[in-house]
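Asks: Handing you a structure now.
The values are calculated or read from the model by the stated rules, or taken from the named source; none is laboratory data. These numbers were taken from a predicted model, which means no experiment stands behind them. Positions of Cβ are backbone-derived with ideal geometry, glycine not excepted, and every protein chain shown enters the neighbour counts. We work out accessible area using only protein heavy atoms, side chains counted, and drop any ligands, DNA or RNA first. Shrake-Rupley method; radii C 1.70, N 1.55, O 1.52, S 1.80 Å.
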Amino acid sequence: MRRATRASWTACVVCAALAATGCGSDSGDGGGSSGGGGGTVSAQWGDPQNPLEPANTNEVQGGKVLKLITRGLVIYDPKTAEPKNMLAESIKSDDQKNWTVKVKKGFRFSNGEPVDAKSFVDAWNYAANIKNRQVNSSFFKYIEGYDKVHPTAEGSEPSAQKLSGLKVVNNRTFTVKLSQKFAIWPDTLGYPAFAPLPQAFFDDHAAWLDKPIGNGPYKIDSYAKGTSMKLVKDDKYTGDDKAQNDGIELKVYTDQNTAYTDLQAGNLDVSDELPAGQLANAESDLGDRFINQKAGIIQTLAYPLYDDAWSGADKADLRRGISMAIDREQITKQIYNDTRVPAKDWTSPVIGEKGGFDDTICGDLCTYDPKKAKKLIDGAGGLPGGKLTISSNVDTGSHREWMDAVCNSINKALGKENACVVNPIGTFADFRTQVVDRSFKGPFRSGWQMDYPLIENFLAPTYYTGASSNDGEYSNKKFDDLVDQANAADDTAAAVEKYKEAERLLAKDVPSIPLWYQNGIAGHSDRVTDVFLDPFSVPYYPDIKVK
Amino acid sequence: MGRYVIRRLLQMIPVFIGTTFLIFFMVYALGDPVTAMFGDRAPDPATAAQIRRDLNLDKPLWQQYVLYMGNIFTGDFGQAFNGQPVLDLMRSAWPITVRLALLAVLFEMIIGVTLGVISGLRRGRAVDTGVLFATLVVISIPTFVTGYVLQYLLGVKWGWVTPAVSSGAPWDELILPAVVLALVSLAYTTRLTRTSVAENARADYVRTAVAKGLPRRRITVRHLLRNSLIPVVTFLGIDIGNLMGGAIVTERIFNIQGVGYQLWQGVLRQNAPTVVGFVTVLVIVYLLANLVVDVLYAVLDPRIRYA
């Protein structure tokens, strides 16, 4: 009896295996197709970190989707980065504080709802309310009533549900009252967090998250969370930046190397994250299909000014000396193959000279001069404790390599073997926690990817006293005053001049060392043309043409 | 036999609770996940506090664990930080990894055991030396090397297969990744089988069977192989767990969005619900695989009995 049972058991395993393989040959041909047929462009993607709400997305991968499916009041020109009105007919103010926004006629969400004043006011109220815990809520902090809907004390409840500074006047007009003067406020509105939301978002939030509805040139066809998203051209879209292809298929890649292999094999059309190890080959592999373009990202080393060993005017020479001991030219060439450019100020060339970029501001401070560096450091009493530790996360961006190189450069300048050592942190999450806890006793990496292409965004969030990304706790009354004056200026040009004046203070105080501007890198297959990156180093998908 | 299985199943409960607590503790020890959600910007304390409250991160560790386990027993594995229920992630990831592991185990069993028997029976001859050498080569090359090389050759250079597996991960696209995944274990299976077969081939009962005049085929399959398979079965059983949890390298190379991918993502983002959920299921798979191995012993060797 036992024997029989056993025999049937084995037979069962065999038939299960056969069934399994048989099933495979049936369903096999469906999945093997390459990047979508016809005019669809397949593009590299990563799993978004947060739910895809506009005000809850602060990283590139979620941002890619929002740029395809939403349009805000303002848009930044994908080539020149200049802000211009998109859905806004006009954004006017007499005193830089009370703004009247008029929305253009004729724009609709992909579900047919019209985009009107209410779509913006509702969306912004949702974003600012602490109950909805949106990571970008601080973008709304200048609007009056923000402190009521978003109290800062931990655990406190909002005393109002809506921003008192927002008022719908009529169907197409709304007014915004800011809590302080802010001359360039309209220019900040191109950030995706300011996108309008349809009523459907509030009626059935879960359904919206499963398949977000926006008002952009594309609409979402299907979304398999964690693996892929198919977007199709919205034929009813009325903007002048209509899609030149039939759709985009975003495919999640866990390993950049795989994406690169897929690109070479022709299964992927656009890859915007080439592996660092392949940069040297990418140009010869891809030829003119390799894109190396300036982008709004700057990498700096921030000094822990909360630590007495580093702060104060008497240590300025020490901070300056370390900066001058770094051979930026060599490092960007050797490690990054010229996909990084030695920094010459604290902003980015992508914002242009009109926007406040000025390659003379850093001057000597950013120029490699080992002899002078040693003199400055020795004159300031040497490195604190004779040692220098540089910290960064090392899970992405070849951070380990450049840290080693920077340390080598400093050690060479000082003529000491182990004066500078690196402190690699395994994950970005751990690194950020330590930064926020102020636990670093030496310089640490501070990267900044702009939210909007304005000089304000490079200075105010990172160097204003108590600002959200001022991780080194730099504080200079004069700097703060200049930023305040710039915000209250009569027009953008006057504001930019003031910001630049503030930036010159950074060159004097050296709260951080500008290292290099990070370029946007991408490659594309020979199936598509007209691929370029926008100022945020994201491929500008609507213009891509399929051969 | 039935009582033995029940006893083993009951023993799994404390093991299960202990391992989940350890994993929970380790993920917790990685640090605070909330700051990373804000990127390079410092979180504003109110929003961060709200997020912590919603995710129960403001409570002490033991309380978080109790809450988490309580939810698990109602079938709720929590949510990843991007709002996807972990159960949904499992539903999409597990079938893919199970398919991959099944294919790999099939390769190991069919090719590994066959090669092992052949070289075991031809001990010391050219075939044996050849197989020995081949397995040595395979064992000494790390998985990611074979993975990238085969992917480049077959996928890019010759264009026989697509280098990356598409999102549905159909069986035929998984063949190459399964081969890569199976290679090292396959070599071990071959060597284990070979040693075992070579040893048993000189045993008394085989000589008796030959003396009885049994056909050669029957001697090899019924007598020799069955007795030689016990170490191999042990290895394969444990290997199933390894293949599922350890497929992380292979899954990354071929862009398979399975268990390894979810675990890796979860660890990077310090997403406790994802990591603990997936590892919990992995623990169960290991425990069950071990039980199946032990039961198979009795099937293969009638002398082994469980009461």
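Asks: Scan segment A:317-359 for residues that are in contact with a strand residue (DSSP E or B) (Cβ under 6 Å, 6 or more places away or on another chain) and not charged (D, E, K, R) and jot them down.
Replies: Within segment A:317-359, A:Ser323, A:Thr332, A:Thr339, A:Val341, A:Pro342, A:Ala343, A:Trp346, A:Ser348, A:Pro349, A:Val350 qualify.
Asks: Would you call A:Lys233 more than 11 Å from chain B (Cβ to nearest Cβ), open to solvent by 20 Å² or more (accessible area, probe 1.4 Å) and without any contact (Cβ under 8 Å) to a residue 60 or more places away in the chain?
Replies: yes
Asks: Inside segment B:23-102, counting only helices (runs of 4 or more DSSP H) that do not spill past its ends, which hold 2 or more residues that are farther than 22 Å from B:Val279 by Cα?
Replies: Details: elements: B:34-37, B:45-54, B:61-73.
Output list reads B:34-37, B:45-54.
Asks: May I ask you to verify whether B:Arg202 is assigned to a helix (DSSP H, G or I), farther than 22 Å from B:Gly258 by Cα and away from chain A (no Cβ under 14 Å)?
Replies: It is false that B:Arg202 is assigned to a helix (DSSP H, G or I), farther than 22 Å from B:Gly258 by Cα and away from chain A (no Cβ under 14 Å).
Asks: Right, another one. Out of B:Pro43, B:Pro14, report the one residue that is open to solvent by 30 Å² or more (accessible area, probe 1.4 Å) and out of contact with any Pro (no Cβ under 7 Å at 6 or more places or on another chain).
Replies: Of B:Pro43, B:Pro14, the one residue that is open to solvent by 30 Å² or more (accessible area, probe 1.4 Å) and out of contact with any Pro (no Cβ under 7 Å at 6 or more places or on another chain) is B:Pro14.
Asks: Quick check: is even one residue across segment A:84-96 in contact (Cβ under 8 Å) with a residue 60 or more places away in the chain, within 16 Å of the chain's Cα centre (by Cα) and either surrounded by fewer than 19 Cβ atoms within 10 Å (Cβ to Cβ) or more than 14 Å from every other protein chain (Cβ to nearest Cβ) (or both)?
Replies: Among the residues of segment A:84-96, not one is in contact (Cβ under 8 Å) with a residue 60 or more places away in the chain, within 16 Å of the chain's Cα centre (by Cα) and either surrounded by fewer than 19 Cβ atoms within 10 Å (Cβ to Cβ) or more than 14 Å from every other protein chain (Cβ to nearest Cβ) (or both), which makes the answer no.
Asks: So which residues in segment B:129-156 are at the interface with chain A (Cβ under 9 Å from one of its Cβ atoms) and either within 30 Å of B:Ser119 (Cα to Cα) or open to solvent by 50 Å² or more (accessible area, probe 1.4 Å) (or both)?
Replies: Within segment B:129-156, the subset at the interface with chain A (Cβ under 9 Å from one of its Cβ atoms) is B:148, B:151-152, B:155-156.
Selection gives B:Tyr148, B:Gln151, B:Tyr152.
Asks: Given the conditions (1) open to solvent by 20 Å² or more (accessible area, probe 1.4 Å); (2) more than 11 Å from chain B (Cβ to nearest Cβ); (3) more than 27 Å from A:Lys79 (Cβ to Cβ); (4) touching a residue at least 12 places away in the same chain (Cβ under 8 Å), and given that A:Trp310 satisfies all but one, which numbered condition is not satisfied?
Replies: In the conditions (1) open to solvent by 20 Å² or more (accessible area, probe 1.4 Å); (2) more than 11 Å from chain B (Cβ to nearest Cβ); (3) more than 27 Å from A:Lys79 (Cβ to Cβ); (4) touching a residue at least 12 places away in the same chain (Cβ under 8 Å), A:Trp310 misses (1) alone.
Asks: Which of the following residues is surrounded by fewer than 23 Cβ atoms within 10 Å (Cβ to Cβ), among the charged types (D, E, K, R), more than 14 Å from every other protein chain (Cβ to nearest Cβ) and closer than 19 Å to B:Leu243 by Cα: B:Arg123, B:Arg91, B:Arg99, B:Arg191?
Replies: Exactly one of B:Arg123, B:Arg91, B:Arg99, B:Arg191 is surrounded by fewer than 23 Cβ atoms within 10 Å (Cβ to Cβ), among the charged types (D, E, K, R), more than 14 Å from every other protein chain (Cβ to nearest Cβ) and closer than 19 Å to B:Leu243 by Cα, namely B:Arg191.
Asks: Looking at segment B:127-177, which of its residues are of a type outside the set (A, V, I, L, M), touching a residue at least 24 places away in the same chain (Cβ under 8 Å) and not in a helix (DSSP H, G or I)?
Replies: At the first step, the residues of segment B:127-177 found to be of a type outside the set (A, V, I, L, M) are B:128-130, B:133, B:135, B:140, B:142-144, B:146-148, B:151-152, B:155, B:157-160, B:162-163, B:166-168, B:170-173, B:177.
Filter once more, keeping what is touching a residue at least 24 places away in the same chain (Cβ under 8 Å): B:128, B:135, B:143-144, B:146-148, B:151, B:163, B:167, B:171, B:177.
Within segment B:127-177, B:Pro163, B:Ser167 meet the criteria.
Asks: Tell me which residues, restricted to segment B:84-121, are under 15 Å from B:Leu174 (Cα atoms) and of a type in the set (Lys, Arg).
Replies: Correct list: B:Arg99 only.
Asks: Now a separate question. Could you please find all residues in segment A:311-324 being among the hydrophobic types (A, V, I, L, M, F, W, C) and over 29 Å from the mean Cα position of the chain (by Cα)?
Replies: If the condition is that a residue be among the hydrophobic types (A, V, I, L, M, F, W, C) and over 29 Å from the mean Cα position of the chain (by Cα), then A:Ala313, A:Ala316, A:Leu318 are the ones that fit.
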